[in-house]
Amino acid sequence: MNGTYYPNPTFPNNMNNYQPEQEISTNLPMEQSYIENILRLNIGKKAKVFASFPDSTEWRDRIYDGIIEQAGKDHLVMSSPSLGDWYLIPMIYVNWVEFEEPINFKVF
């Protein structure tokens, strides 16, 4: 290995072309009305989640009825007090959510 096959990288020494990073505006909203954010605002409420699993022959379409426990960018956690079951539902399979009471949401 004499350094000819993979030459060492070189970096310019000329700092005259240096451009400092521009300041980014912080007037943007901290949170937007994505589904997971709306679900987070309604943790503890009873809901029905309609989900479709297109690759499954057994569980093609499912309805999860229970309490919203947690919501993230890619998942929803629900509990069913009547059955004692807990569900971890990937958000990619969620079609829509129905609530039996008014929901909390932010509009920007």
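What follows draws every value from the coordinates through simple rules; no lab data is involved. None of the values given here were measured: they were computed from a predicted structure. Please note: Cβ atoms are built from the backbone with ideal geometry, for glycine as well, and neighbour counts cover all protein chains shown.
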Expressed in nanometres to one decimal, the distance between label points 7 Å along Cα→Cβ at Lys73 and Ser56 is 2.5
Between Phe53 and residues 5 or more places away or on another chain, the pairs with built amide H atoms under 5 Å apart involve Asp61, Arg62
Under the Karplus curve 6.51 cos²θ - 1.76 cosθ + 1.60, θ = phi - 60°, whole-Hz ³J(HN,Hα) for segment 83-92, x wherever Gly or Pro sits
9, x, 8, 10, 10, 10, 10, x, 4, 4
